[in-house]
Amino acid sequence: MGVLPFRKDAALALAFLFFLTSPSSSPAQPLEGPALERAGVDITQEQIAGHRVSLKEIRRQGRLVFSTPFNKADGYGDGPFDAGEDPIAPGGRPTLQGNGTFLRVNGLDGQTCLECHSIISNRSIPARFGVGGVGGSVTNAIFQPTLIDVASADTVFDGRFINPPFLFGSGGIQLLATEMTAELQALQAVAEASPGQDIALVTKGVSFGTIRYEGGVLDTSAVRGIDFDLVVRPFGRKGEFATVRDFDLGALQFHFGMQPVEVVGEGVDADGDGIENEIAIGPVSALEVFNTTLEPPFRESLTQSAASGAEHFVTIGCATCHRFELETESRILDYRLHADADVHYSVNLSRAPAGFERVKRAGIAVRLFADLKRHDMGPTLAESFGSDLDSSFTTARLWGVADTAPYLHDGRATTLGEAILLHGGEAQAAADDFALLSETEQRELLEFLDSLRTPLNPASDLDGH
């Protein structure tokens, strides 16, 4: 979750609607001490950057950060609530009925990443659990509302309701996005060197419109499906984050009130909860490496009917946005603290544990069934957040989709057939064509989607460590 600007009158609305109060002093710290310390999280950025620890140890430490329940001695939670400050941004949020710990309606809604990313397969009965999976609807993030009116016919709600996706294969996604960004920005340089010409913004076969440089001004009015800075941001339902690290830094603050040192500074108690250096740079780096080296989803062998379903998927236009595969030029994922920082660590994604399939040009095949582009999905799926992007979402990556119900950005679709028919806007024609297929053809297409599975036992090499 990103930290968005203060929304007017939020303090009053939240206080009255949820009867929120907060202790006037910092919360007492647990006698047991910080949970991360007791779990053995002691990795430093110097160890990672200096290659003084193995990849397996970095991942083990990252899994501990992902799975260890933060407590108040770690820095969990925000400091004292001040109604005169921004009550939505992490740092000074109230808590529900003054409980001093949890809020739920705007973060402070769990103690671990694992709580919301724990279902490997919802297709199995009972569900199969593990690290890095999706979340059920009960774990949906309720993001920055100032009003929830359950007495109205449509339940007035001005926040966002976000179903947690899985993290499998995210290293391949990040590498793709990095390369696509570089290609798009190179095309911007071409435009600046070619005044008066429309330059097509196409990378890896995906079109992001055109750009033009004229009269000393860059014209981005024909750019489509991406921000005007031409940075591909594949993480977040709206395409808000370029890297897993960017996402993690926001999520640590939003969900847990954990203030990363690289965001607030060394020796700074930014949220006034009495704890400095809540989560250091090293553990965040380990968390990013763990997340981005999780195995990618896979496709089962296709039956004859599923193969026919794949053909229908293409024929009715699903594959226009849900592209079966994109390929990278490199196999190496570089890690940086931020876009302008030096590389501090690198991983070959074609090797275990990520294990992406190699392609001839020294890259990897990322079978994501998406295009990393933002699309307008029409009024039915539009959020009511008051943003220009309310009806726009990045294309859902369908790899692993057989195991990851519920579907769509907020989990409103309980089946794949329902999810397809709810498509609108740019995808309306494909939804209409799906509805026109015969019942047999529809079942064949759904059988094809049922072949797209999540990893069976992700990060199992770390078990017992």
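Rundown of residues vs (1) outside any loop (DSSP other than H, G, I, E, B); (2) surrounded by 19 or more Cβ atoms within 10 Å (Cβ to Cβ), yes/no style:
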| position | (1), (2) |
| --- | --- |
| Gly132 | no, yes |
| Ile142 | yes, no |
| Pro145 | no, yes |
| Asp154 | no, no |
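Suppose the filter is within 15 Å of Phe369 (Cα to Cα), assigned by TED's automatic domain parsing to the domain that holds Phe385 and either at pLDDT 95 or above or surrounded by fewer than 17 Cβ atoms within 10 Å (Cβ to Cβ) (or both); does Arg453 pass it?
Judged against the criteria, Arg453 is a match.
Within segment 56-75, is there a residue that is assigned to a loop (DSSP other than H, G, I, E, B), under 30 Å from Arg336 (Cβ atoms), among the hydroxyl-bearing types (Ser, Thr, Tyr) and more than 24 Å from the chain's Cα centre (by Cα)? Lay out the reasoning, then the answer.
Of the residues in segment 56-75, the ones assigned to a loop (DSSP other than H, G, I, E, B) are 68-75.
Now narrow it down to the ones that are under 30 Å from Arg336 (Cβ atoms): 68-70, 74-75.
Remaining after also requiring among the hydroxyl-bearing types (Ser, Thr, Tyr): 68.
Now drop any that are not more than 24 Å from the chain's Cα centre (by Cα), which leaves none.
The answer is no, given that none of the residues of segment 56-75 is assigned to a loop (DSSP other than H, G, I, E, B), under 30 Å from Arg336 (Cβ atoms), among the hydroxyl-bearing types (Ser, Thr, Tyr) and more than 24 Å from the chain's Cα centre (by Cα).
Residues in segment 371-383 that are free of Cβ contacts under 8 Å to residues at least 60 places away in the same chain and part of a loop (DSSP other than H, G, I, E, B): how many? Walk me through it before giving the result.
Initially, segment 371-383 is screened for residues free of Cβ contacts under 8 Å to residues at least 60 places away in the same chain, giving 376-382.
Still in the list and also part of a loop (DSSP other than H, G, I, E, B): 377-382.
Final tally of qualifying residues: 6.
Out of Ile125, Ile173, which single residue is in a loop (DSSP other than H, G, I, E, B) and over 30 Å from Gly75 (Cα atoms)? Even if it seems obvious, please write down each step before you answer.
Numbers: Ile173 fails: in a loop (DSSP other than H, G, I, E, B).
Every option except Ile125 fails the conditions.
So Phe81 ticks every box in (1) assigned to a loop (DSSP other than H, G, I, E, B); (2) under 13 Å from Val41 (Cβ atoms); (3) among the hydrophobic types (A, V, I, L, M, F, W, C) but one. Which box is left unticked?
Condition not satisfied by Phe81: (2).
Between a first residue in segment 420-440 that is more than 18 Å from Asp376 (Cβ to Cβ) and a second residue that is of a type in the set (S, T, N, Q), which pairs have beta carbons less than 7 Å apart while being 6 or more apart in sequence or on different chains?
From segment 420-440, the pairs are Phe434/Gln442.
Here is a list: Ala153, Ala177. Which entry is assigned by TED's automatic domain parsing to the domain that holds Asp109 and of a type in the set (A, V, I, L, M, F, W, C)?
Values: Ala177 fails: assigned by TED's automatic domain parsing to the domain that holds Asp109.
Answer to the check: Ala153.
Is at least one residue of segment 334-343 part of a strand (DSSP E or B) and more than 30 Å from Leu456 (Cβ to Cβ)? Show your work before the answer.
Of all residues in segment 334-343, those part of a strand (DSSP E or B) come to 334-335.
Next, from what is left, pick out any that are more than 30 Å from Leu456 (Cβ to Cβ): none.
No: segment 334-343 contains no residue that is part of a strand (DSSP E or B) and more than 30 Å from Leu456 (Cβ to Cβ).
Just give me the residues in segment 187-230 being out of contact with any strand residue (DSSP E or B) (no Cβ under 6 Å at 6 or more places or on another chain), among the aliphatic types (A, V, I, L, M) and closer than 19 Å to Ser392 by Cα, in sequence order.
Val206, Leu230
Do we have Asp82 as under 18 Å from Thr146 (Cα atoms), more than 26 Å from the chain's Cα centre (by Cα) and assigned by TED's automatic domain parsing to the domain that holds Val268 here? Reasoning before the result, please.
Values: under 18 Å from Thr146 (Cα atoms): yes; more than 26 Å from the chain's Cα centre (by Cα): yes; assigned by TED's automatic domain parsing to the domain that holds Val268: yes.
Yes, satisfied.
Just to check your reading of the model, which residue among Arg52, Arg93 is without any contact (Cβ under 8 Å) to a residue 12 or more places away in the chain, part of a loop (DSSP other than H, G, I, E, B) and charged (D, E, K, R)? Show your work before the answer.
On the way: Arg93 fails: without any contact (Cβ under 8 Å) to a residue 12 or more places away in the chain.
None of the other options fit; the residue is Arg52.
Among (1) part of a loop (DSSP other than H, G, I, E, B); (2) hydrophobic (A, V, I, L, M, F, W, C); (3) under 24 Å from the mean Cα position of the chain (by Cα), there is one condition Ala362 misses while meeting the rest; what is its number?
The one condition Ala362 does not meet is (3).
How many of the residues in segment 371-402 are among the aliphatic types (A, V, I, L, M) and either touching an Asp or Glu at 6+ places or on another chain (Cβ under 6 Å) or assigned by TED's automatic domain parsing to the domain that holds Arg123 (or both)? Outline the logic, then answer.
As a first pass, look at segment 371-402 and keep what is among the aliphatic types (A, V, I, L, M): 372, 377, 381-382, 389, 396, 398, 401-402.
Now narrow it down to the ones that are either touching an Asp or Glu at 6+ places or on another chain (Cβ under 6 Å) or assigned by TED's automatic domain parsing to the domain that holds Arg123 (or both): 382, 402.
Here the count works out to 2.
Identify all residues within segment 214-232 that are within 23 Å of Leu175 (Cα to Cα), touching a Lys or Arg at 6+ places or on another chain (Cβ under 9 Å) and either free of Cβ contacts under 8 Å to residues at least 60 places away in the same chain or not aliphatic (A, V, I, L, M) (or both); write none if there are none. Spell out the reasoning first.
Filtering segment 214-232 for residues within 23 Å of Leu175 (Cα to Cα) gives 223-232.
In the following step, the residues that additionally are touching a Lys or Arg at 6+ places or on another chain (Cβ under 9 Å) were identified as 224-227, 232.
Once the filter is applied, which keeps residues that are within 23 Å of Leu175 (Cα to Cα), touching a Lys or Arg at 6+ places or on another chain (Cβ under 9 Å) and either free of Cβ contacts under 8 Å to residues at least 60 places away in the same chain or not aliphatic (A, V, I, L, M) (or both), segment 214-232 yields Arg224, Gly225, Asp227.
Of the conditions (1) hydrophobic (A, V, I, L, M, F, W, C); (2) in contact (Cβ under 8 Å) with a residue 24 or more places away in the chain; (3) assigned to a helix (DSSP H, G or I), Val314 clears all except one; give me its number.
Only one criterion is unmet by Val314, namely (2).
Looking at Leu302 and the list (1) surrounded by fewer than 19 Cβ atoms within 10 Å (Cβ to Cβ); (2) assigned by TED's automatic domain parsing to the domain that holds Gly132; (3) in a loop (DSSP other than H, G, I, E, B), which single condition is not satisfied?
(2)
Is it the case that Leu249 is free of Cβ contacts under 8 Å to residues at least 60 places away in the same chain, within 23 Å of Leu389 (Cα to Cα) and buried (at least 22 other Cβ atoms within 10 Å of the Cβ)? Reasoning before the result, please.
On the way: free of Cβ contacts under 8 Å to residues at least 60 places away in the same chain: yes; within 23 Å of Leu389 (Cα to Cα): yes; buried (at least 22 other Cβ atoms within 10 Å of the Cβ): yes.
It is true that Leu249 is free of Cβ contacts under 8 Å to residues at least 60 places away in the same chain, within 23 Å of Leu389 (Cα to Cα) and buried (at least 22 other Cβ atoms within 10 Å of the Cβ).
Within segment 157-168, is there a residue that is at pLDDT 95 or above, charged (D, E, K, R), in contact with a strand residue (DSSP E or B) (Cβ under 9 Å, 6 or more places away or on another chain) and surrounded by fewer than 22 Cβ atoms within 10 Å (Cβ to Cβ)?
no
The values are calculated or read from the model by the stated rules, or taken from the named source; none is laboratory data. A quick note: this is a predicted structure, and the numbers were derived from the prediction, not measured. Don't worry about glycine lacking a Cβ; one is built from the backbone with ideal geometry, like all the others, and counts go over all protein chains shown.
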